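A short write-up of the structure that comes next.
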Amino acid sequence: MAKPRNAESSQSIERLLASKEVIVVTGSGGVGKTSVAAALGASTATRLGGKVLVLTVDPARRLATALGLEAFGNVERQVDESLFVEAGFEAVGELWIAMLDTKASWDDLIVNHAPDSKTRDAILANKLYRNITGRFVQSHDYIAMERLHEIHTSGRYDLVIVDTPPTRNALDFLDAPERMADFFSSRLLRWLIAPARSKIVNRAAKPFTMVADRLLGAKFLTDIGEFFLLFQTLYDGFVERAQSVQRTLADQRTSFVVVTTPEPGPAGEAKFLLAELAKRDLSIGAVVANRMLPDAFVTRGAATSAKKLRGGAAELAETVSGRGIDADIAEGVLREIADRYDDFRLLAAQGAAVLEGLPADDAPVVGIPYLEDEIVNLSGVLELGEQLFTL
Ligand SMILES: Nc1ncnc2c1ncn2[C@@H]1O[C@H](COP(=O)(O)OP(=O)(O)OP(=O)(O)O)[C@@H](O)[C@H]1O
Ligand SMILES: [Mg+2]
């Protein structure tokens with residue numbers, strides 16, 4: 001595992017958790033965002049106290065079960081203190097978990113912000129609304145930000161740690177509020193709602209809508225038109241909140257943790273993300289290099305030993321032969337071990353070099369080794385968390 005670049009990394013992570021109100025954990029797909037978000041939350045509960053919420057977007061039921069919860073949902077749930085004790089820790093603070101339920105969050109949003117109950121019911125019953133909110137990836141990004149904003153402004157938690165969804169591009173998440181606001185004032189939207197708004201246009205557009213309906217399914221365009229017309233009644237609220245979500249992200253009390261693994265793909269994405277965050281003047285709290293190979297692979301002594309092992313394989317094999325071991329086979333095994341060792345050494349060195357190239361500025365780069373055991377319970381999450389504080 002590469003040494004943290006900054007000798008004060010562990011204090012920096014502690015300082016980060018102590019000083020921020022929102023931490024957004026981001027990075028390429030599958031690098032360990034959800035695991036790191038949970039680990040940061042659990043460590044806050046054991047090291048700092050206060051009330052911390054991990055808002056995850058990952059329907060990884062396994063993690064829910066691991067944390068002693070039947071299932072995650074929009075309802076925030078506290079992880080039982082006894083689980084910390086079982087794992088050999090003491091919780092000085094409270095760890096809460098919630099999973100983003102896109103559909104329920106959209107419904108809440110409509111219920112809370114529709115101008116009247118008639119509009120509310122019409123939107124909730126609209127077929128297109130039900131389709132979009134359930135399946136539209138970008139609706140997921142946007143609602144995650146909405147929910148973060150709602151929870152943060154409620155003041156219920158000292159710290160909210162947000163796990164971001166495995167989007168194709170992690171920036172989609174950041175840009176979601178702005179894009180939603182743009183969309184509401186877009187031409188496309190005006191064009192779509194025109195037939196529903198105006199009888200005259202409606203008549204003129206009729207041949208077109210009839211053809212479109214036949215091609216796209218009955219009432220398709222009518223549904224679209226009605227949906228956006230209804231949705232427009234929420235326009236002011238949406239724009240206002242999108243702007244205030246942007247302000248929360250840019251606030252000094254918000255920070256981003258970028259997770260990566262040492263492979264060139266995820267590291268490349270981390271590099272891009274770090275540059276984009278810096279460009280947007282957003283605060284970078286830490287870079288977490290996950291699933292690193294152990295330090296032992298990059299020490300000079302180890303490389304020499306591997307070389308000697310390969311060179312002296314025949315001689316070494318002789319010393320063990322006769323005890324039910326065939327010297328030739330033993331020699332082959334030793335050479336294979338030495339070769340594999342070199343492969344790992346090369347990988348470890350490449351990983352360390354990749355991390356060196358990340359534009360982390362002053363943010364600490366913290367390495368987490370590849371853990372042998374799968375992370376299946378709070379104990380595993382806490383073990384991962386402890387790695388963030390090990391120098
Ligand atoms: N340091 C580690 N050592 C070993 N396994 C790990 C480590 N960190 C994470 N994992 C495992 O890697 C897998 C992916 O982790 P996780 O779900 O946290 O990634 P993610 O970035 O949230 O993925 P996605 O982008 O799909 O949401 C999980 O099975 C997790 O248990
Ligand atoms: Mg995840």
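Please name all residue pairs, on different chains or six or more residues apart, with Cβ atoms under 6 Å, provided the first residue is in region 27-38 and is within 18 Å of Met292 (Cβ to Cβ) and the second residue is assigned to a loop (DSSP other than H, G, I, E, B) and more than 8 Å from ligand 2 (Cβ to nearest atom).
Matching pairs, first to second residue: Val31/Thr261; Ser35/Ile375.
Being assigned to a helix (DSSP H, G or I), among the small types (Gly, Ala, Ser) and not assigned by TED's automatic domain parsing to the domain that holds Gly30 is the requirement here; does Ala303 meet it?
yes
All but one of (1) surrounded by fewer than 21 Cβ atoms within 10 Å (Cβ to Cβ); (2) touching a residue at least 12 places away in the same chain (Cβ under 8 Å); (3) over 30 Å from Leu124 (Cα atoms) hold for Phe272; state the number of the condition that does not hold.
Only one criterion is unmet by Phe272, namely (2).
Checking the structure you have, find out if any residue of region 40-50 is buried (at least 21 other Cβ atoms within 10 Å of the Cβ), within 8 Å of the chain's Cα centre (by Cα) and outside any loop (DSSP other than H, G, I, E, B).
no
For region 140-153, give me each residue that is modelled with pLDDT of 85 or more and farther than 13 Å from Asp108 by Cβ.
Leu148, His152, Thr153
For Ile337, are the conditions met, namely being in contact (Cβ under 8 Å) with a residue 24 or more places away in the chain, away from ligand 2 (no atom under 16 Å from the Cβ) and either assigned by TED's automatic domain parsing to the domain that holds Ala42 or open to solvent by 80 Å² or more (accessible area, probe 1.4 Å) (or both)?
yes
Examine region 80-90 for a residue that is small (Gly, Ala, Ser), in contact with a helix residue (DSSP H, G or I) (Cβ under 9 Å, 6 or more places away or on another chain), open to solvent by 20 Å² or more (accessible area, probe 1.4 Å) and modelled with pLDDT of 90 or more, and state whether such a residue exists.
Within region 80-90, one or more residues are small (Gly, Ala, Ser), in contact with a helix residue (DSSP H, G or I) (Cβ under 9 Å, 6 or more places away or on another chain), open to solvent by 20 Å² or more (accessible area, probe 1.4 Å) and modelled with pLDDT of 90 or more.
Please list, ordered by first then second residue, the pairs with beta carbon atoms under 7 Å, 6 or more apart or interchain, first in region 231-252 and free of Cβ contacts under 8 Å to residues at least 40 places away in the same chain, second open to solvent by less than 40 Å² (accessible area, probe 1.4 Å) and of a type in the set (Phe, Trp, Tyr).
Cβ pairs passing all conditions: none.
The values are calculated or read from the model by the stated rules, or taken from the named source; none is laboratory data. All of these numbers come straight from a predicted model, not from anything done at the bench. Note that each Cβ is placed from the backbone with ideal geometry, even for glycine, and that neighbours are counted across all protein chains shown. Heads up: the accessible areas ignore ligands, DNA and RNA and are worked out on the full protein's heavy atoms, side chains in. Shrake-Rupley method; radii C 1.70, N 1.55, O 1.52, S 1.80 Å.
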